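S.K.: Quick one: the structure is below, and I'll ask about it shortly.
The values are calculated or read from the model by the stated rules, or taken from the named source; none is laboratory data. Please read all numbers here as calculations on a predicted model, not as lab measurements. Positions of Cβ are generated from backbone atoms using ideal geometry, with glycine treated the same way; all protein chains shown enter the neighbour counts. For the accessible areas, the whole protein counts, side chains as well, though only heavy atoms, and no ligand, DNA or RNA atoms are used. Shrake-Rupley method; radii C 1.70, N 1.55, O 1.52, S 1.80 Å.
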Amino acid sequence: MSTGDTDKRVLVPRDILPDHIVGLVESLYSLGGRADPMHIGDLTGESIALLPKVIDVAETLGLVKYENGYLTLEEPGRKVAEADPKRLRKLLRELVIEKKVEPLHEIYEMLVKRKSIPRGELTRVIEKHYKRMDEGVARNILVWGAYLGMFKLSEDDSEVVLLASPRSKG
């Protein structure tokens, strides 16, 4: 990992969903903003296998900081924890775009230019980022896109359509 690399991209783990991140942030907030990760795991009931990945994603997004065995809520994390659902999604969407979280960022950039892409093209983009591709990975990426208000499947499931335009207020 090179320092100062402003074009560094991060891959969202195949089994992590937005609810995992929000749950971590809200739990840490409820514990006063600083806690041992094991307390978070106990509070959220999160799998010991998933918790490190959830922490990594939250840290990548700048929501938390892991240092000296403790998680600390950062200012963006505090904003997420205090936000109403609409604002929460907007804050997370902005962070995912800013931090270039893949494949969400690539899909979103394609959609900003074209407004929609065929479902097969979505699959090809996702396959570029994951060694093992299955319907669960595609479903999770669609969950992220819909939750963040970035993109969703069309009514007939044939294409993926843009939901939020750049710098959208919603």
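S.K.: Residues in the range 92-108 that are farther than 17 Å from PRO13 by Cα and open to solvent by 20 Å² or more (accessible area, probe 1.4 Å): how many?
M.R.: Looking only at that region, the number is 2.
S.K.: Can you tell me which residues in the range 102-154 are closer than 26 Å to ARG87 by Cα and outside any helix (DSSP H, G or I)?
M.R.: Across the range 102-154, the qualifying residues are GLU102, PRO103, LYS115, SER116, LEU148, GLY149, MET150, PHE151, LYS152, LEU153, SER154.
S.K.: Might you check whether a residue that is touching a residue at least 40 places away in the same chain (Cβ under 8 Å) and of a type in the set (Asp, Glu) occurs anywhere in the range 76-85?
M.R.: Yes, because at least one residue in the range 76-85 is touching a residue at least 40 places away in the same chain (Cβ under 8 Å) and of a type in the set (Asp, Glu).
S.K.: Of all residues in the range 30-46, which are assigned to a helix (DSSP H, G or I), in contact with a Ser or Thr (Cβ under 8 Å, 6 or more places away or on another chain) and open to solvent by 70 Å² or more (accessible area, probe 1.4 Å)?
M.R.: The one that is assigned to a helix (DSSP H, G or I), in contact with a Ser or Thr (Cβ under 8 Å, 6 or more places away or on another chain) and open to solvent by 70 Å² or more (accessible area, probe 1.4 Å): LEU43.
S.K.: Looking only at the range 10-29, count every residue that is over 19 Å from ARG139 (Cα atoms), open to solvent by 50 Å² or more (accessible area, probe 1.4 Å) and touching a Lys or Arg at 6+ places or on another chain (Cβ under 9 Å) and tell me the total.
M.R.: The number of residues fulfilling the criteria is 1.
S.K.: Same structure, new question: So which of LEU111, LEU73 ends up being in contact with a strand residue (DSSP E or B) (Cβ under 8 Å, 6 or more places away or on another chain), surrounded by 14 or more Cβ atoms within 10 Å (Cβ to Cβ) and more than 20 Å from GLY62 (Cβ to Cβ)?
M.R.: Step by step, each of LEU111, LEU73 is checked, and only LEU111 is in contact with a strand residue (DSSP E or B) (Cβ under 8 Å, 6 or more places away or on another chain), surrounded by 14 or more Cβ atoms within 10 Å (Cβ to Cβ) and more than 20 Å from GLY62 (Cβ to Cβ).
S.K.: Could you count how many residues in the range 133-165 are of a type outside the set (Val, Ile, Thr) and touching a residue at least 60 places away in the same chain (Cβ under 8 Å)?
M.R.: Residues flagged as of a type outside the set (Val, Ile, Thr) and touching a residue at least 60 places away in the same chain (Cβ under 8 Å) within the range 133-165 amount to 7.
S.K.: Residues being over 17 Å from LYS79 (Cβ atoms) and either surrounded by fewer than 20 Cβ atoms within 10 Å (Cβ to Cβ) or among the basic types (Lys, Arg) (or both): count how many of those fall in the range 47-63.
M.R.: 8
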